[in-house]
Number of protein chains: 2
Amino acid sequence: MEFSVNRNAFLAKLNDAQRAISTKTAIEILTGLKLDLTDDGLTLTGSNADITIQTQLPVTASTADLTIESTGSIVLPARFFSEIVKKLPEKTMKVTVNDRYQATITSGSASFTINGLDAVNYPHLPEIDTAEQLTIAGDVLKQIISQTVIAVSRQESRPMLTGIHVTIHNGELLAVATDSHRLSQRKITLTDAPEVDYDIIVPGDAFRELSRMIDDNEQLHLRVAENQILFTWGTTAFYSRLLDGMYPETSRLIPQDSSTQVEFNAGVLLQAIERASLLSHTGQNNVVKLELDTDAQRATLSGNSPEVGNVEEELQFSSLSGEGIAISFNPDYMKDALRSFGQATIKLAFTQPLRPFTLVPSDDQGDFIQLITPVRTV
Amino acid sequence: MEFSVNRNAFLAKLNDAQRAISTKTAIEILTGLKLDLTDDGLTLTGSNADITIQTQLPVTASTADLTIESTGSIVLPARFFSEIVKKLPEKTMKVTVNDRYQATITSGSASFTINGLDAVNYPHLPEIDTAEQLTIAGDVLKQIISQTVIAVSRQESRPMLTGIHVTIHNGELLAVATDSHRLSQRKITLTDAPEVDYDIIVPGDAFRELSRMIDDNEQLHLRVAENQILFTWGTTAFYSRLLDGMYPETSRLIPQDSSTQVEFNAGVLLQAIERASLLSHTGQNNVVKLELDTDAQRATLSGNSPEVGNVEEELQFSSLSGEGIAISFNPDYMKDALRSFGQATIKLAFTQPLRPFTLVPSDDQGDFIQLITPVRTV
């Protein structure tokens, strides 16, 4: 195996494939990056067993200047290899692999020799034995991910909750995540929806990584097999394992009516929550309190830490109606939720002090809702 | 105590005083920021017992809009107080302290109350009972610090070596630091040098912190008392404890002649060292090797890790003379040293493979020298 290539073009592909590679894996070969060189071009593969990313540099790609001397495959230690490529002195680099799985990387007068592994032992790609696919725009998918992934559980005790529940039915995609303290749900109508019916749980980590890779104006193709999902765009393929099991039924958690409603600018409320939570973060009791006095038309936010002090702020709102209520909640959940609304005007709706309350955009079409469970305070 | 002030003007002063404050101190009152309000203005003091920074906001400072309602002193929890000030909603803020040492900070509709401490218990400032002072330009002092502090020891086993040895004699300032593996020495002629004679050890940490605070075009005044040094500029005073003891005699460590000389561009050599050290960093043996073949006029840099692989690079040099030599060294020391030369052409001079070698600017006037002790390899 021997090729020369434009270093920056190669590095861009290497960075993509490397996103899937973890240094912490127990499977030694997965700390490596797999290179496959054929007459068509170079394929780079990285995997952490859950996520696999494969990306290609075709021999026809003009800026890559890929020159193939001899084809072959090798697995190279990913971290070292990428650090080497980043620090090479010249625009062009050359890789030569000998039959003892040693790769020599040269650029200008610098020459590295590193020990690789036989590519034969690298795990096979997941098989996606379906032709059925649907298409989704990069910006739409990124928004769905960013709005739901915040509510994904970080705890492994209920593995299913570390995923996002995605159902596709009748041309509509519904994404829900909950860590049992809060929930986020996003719905979109697919523009290009064949007759597919999916009910899957995609790991939150996979969606986070995918989201970092895709451009807004990319069109992604999505295919689902028994326990795998595959996203393809351009010359990149992104595989993720799906989570097993039945996701809990979440639709009944969302209250259908409310007794108190208040409207805020999400950005302004976020800043006030950040102030109110400054002190509460120190105590064991990370809680802020929102008091809505509908008679006096006052909204007051407060937080306190017995050791440090307290904070109180009267909030500006666009409308406030219904019954008065005082509610305490974890400010971190509220901050995550508010960030997902940007600078939009949002509506908060409450029923009882200890029952979940909801946040929706004021121009709500029923397509985005966040739910937070309050905290009992003494 | 009660005042209102422009929040950004206040925050700038607060950030300066806070540089001295450590959250790790065992002395509770030193986690606090001391505020003293007189009719002349506001004084802010922060200290970690070793370093003390005092800065002032005079009532006459026009952009600060300092309005004094009543004078007094208080110590406030520095970290919380500064986070609060940063997050306040309006341009102006107001601080009111009651007789239970509670401070109320208001801005717009936000109001914080935090518990402070009686300023009476705050340690007194070090006394500098001398009028003798000298003046040094900010950019000169920053350069001296950055060029020597790299060689300061990080280990507490020989406390003296955690400082920079500064001697001022006959209008000349000499700064030396060594961690016993390398040494850096910088000499300058003072433009404004009264008849002073100092031989002091300034803690490296103090110089690092000072360096971050000063502007290039600032003129600093320097005064030395028995165990303290004081730098003053503008409305800021920076005190540091001096280190006790006799600094080792270092002048005899610097070789007076050499048998091999080579000239490189410091920036180009730095990049090559970074490449050569990529692999060596993994092994226990963090060493790179420089081979100078004066007959063949070749300079070769190499590094290797038995597990990962090896790297070799032929280096470009401007001149190479004397006897051939092969020398091994810690690349981290070399990188630190090279960074201090920027893009200058430098001269490396060697005597024997296991004897210290030196780096000086090619246009050396004897004012800057770095020394590195090689490593024995098998």
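The values are calculated or read from the model by the stated rules, or taken from the named source; none is laboratory data. Not measured: the values here are computed from a predicted model. So basically every Cβ, Gly included, is an ideal-geometry build from the backbone, and we count neighbours across all protein chains shown. Heavy atoms of the whole protein, side chains included, go into the accessibility calculation; ligands, DNA and RNA do not. Shrake-Rupley method; radii C 1.70, N 1.55, O 1.52, S 1.80 Å.
Couple of notes before you dig in:
- Contact map, the stretch A:258-271: first residue within 14 Å of chain B (Cβ to nearest Cβ), second residue polar (S, T, N, Q) and in a strand (DSSP E or B), Cβ cut-off under 8 Å, separation 6 or more or different chains; pairs are A:F264/A:T345; A:N265/A:T345.
- Screening B:R186 against (1) over 19 Å from the mean Cα position of the chain (by Cα); (2) charged (D, E, K, R); (3) assigned to a strand (DSSP E or B) leaves a single unmet condition, (1).
- The single residue among A:I128, A:I51, A:I105, A:I136 that is touching a helix residue (DSSP H, G or I) at 6+ places or on another chain (Cβ under 7 Å), farther than 21 Å from A:E2 by Cβ and β-branched (V, I, T) turns out to be A:I51.
- Residues of the stretch A:2-13 that turn out to be surrounded by 22 or more Cβ atoms within 10 Å (Cβ to Cβ) and aliphatic (A, V, I, L, M), as a count: 1
- Residues in the stretch A:299-346 that are within 12 Å of chain B (Cβ to nearest Cβ), of a type in the set (A, V, I, L, M) and under 21 Å from A:H281 (Cα atoms): 4 in all.
- Within the stretch B:69-120, the set of residues being free of Cβ contacts under 8 Å to residues at least 24 places away in the same chain and closer than 30 Å to A:G267 by Cβ comprises B:E83, B:K87, B:P89, B:T104, B:T106, B:G108, B:S109, B:A110, B:S111, B:T113.
- Residue match in the stretch A:163-185 (condition: open to solvent by 70 Å² or more (accessible area, probe 1.4 Å), at pLDDT 95 or above and of a type in the set (D, E)): no
- Filter result (in a strand (DSSP E or B) and more than 12 Å from B:I369 (Cα to Cα)) within the stretch B:343-359: B:T345, B:F350
- Subset of the stretch B:109-137 (residues that are closer than 27 Å to A:N304 by Cα and either in contact with a strand residue (DSSP E or B) (Cβ under 6 Å, 6 or more places away or on another chain) or surrounded by 15 or more Cβ atoms within 10 Å (Cβ to Cβ) (or both)): B:S109, B:A110, B:S111, B:F112, B:T113, B:I114, B:N115, B:G116, B:L117, B:A119, B:Y122
- Odd one out for A:Y101 among (1) among the hydroxyl-bearing types (S, T, Y); (2) more than 18 Å from A:N15 (Cα to Cα); (3) under 31 Å from the mean Cα position of the chain (by Cα): (3)
- Taken over the stretch B:82-108, the criterion of being at the interface with chain A (Cβ under 10 Å from one of its Cβ atoms), assigned to a helix (DSSP H, G or I) and among the hydrophobic types (A, V, I, L, M, F, W, C) is satisfied by B:I84 alone.
- Test: residue in the stretch B:243-266 that is over 23 Å from B:L183 (Cβ atoms), touching a Leu at 6+ places or on another chain (Cβ under 7 Å) and surrounded by 20 or more Cβ atoms within 10 Å (Cβ to Cβ): no
- All conditions but one from (1) within 18 Å of A:A17 (Cα to Cα); (2) crowded, with 17+ Cβ neighbours inside 10 Å apply to A:R208; the one that does not is (2).
- Filtered residues of the stretch A:199-237 (kept if part of a loop (DSSP other than H, G, I, E, B) and of a type outside the set (A, V, I, L, M)): A:D215, A:D216, A:N217, A:E218, A:E226, A:N227, A:G234, A:T235
- Within the stretch B:138-158, the set of residues being polar (S, T, N, Q), surrounded by 13 or more Cβ atoms within 10 Å (Cβ to Cβ) and outside any helix (DSSP H, G or I) comprises B:S153 only.
- For the stretch A:23-46, the set of residues classified as open to solvent by 10 Å² or more (accessible area, probe 1.4 Å) and either part of a strand (DSSP E or B) or not acidic (D, E) (or both) consists of A:T23, A:K24, A:T25, A:A26, A:I27, A:I29, A:T31, A:K34, A:D36, A:T38, A:T43, listed by residue number.
- The residues of the stretch B:62-76 that are open to solvent by less than 30 Å² (accessible area, probe 1.4 Å) and either in contact with a helix residue (DSSP H, G or I) (Cβ under 8 Å, 6 or more places away or on another chain) or away from chain A (no Cβ under 14 Å) (or both), listed by number, are B:A64, B:L66, B:G72, B:I74, B:V75.
- B:T358 being more than 13 Å from every other protein chain (Cβ to nearest Cβ), at pLDDT 95 or above and under 30 Å from the mean Cα position of the chain (by Cα): yes
- Being away from chain A (no Cβ under 14 Å), outside any helix (DSSP H, G or I) and modelled with pLDDT under 95 is true of B:V196.
- Considering each residue of the stretch A:112-130 in turn, none proves to be at pLDDT 95 or above, out of contact with any Cys (no Cβ under 7 Å at 6 or more places or on another chain) and on the phi > 0 side of the Ramachandran plot.
- In the stretch A:348-369, the condition of being within 29 Å of B:V85 (Cβ to Cβ) and surrounded by fewer than 21 Cβ atoms within 10 Å (Cβ to Cβ) is met by no residue.
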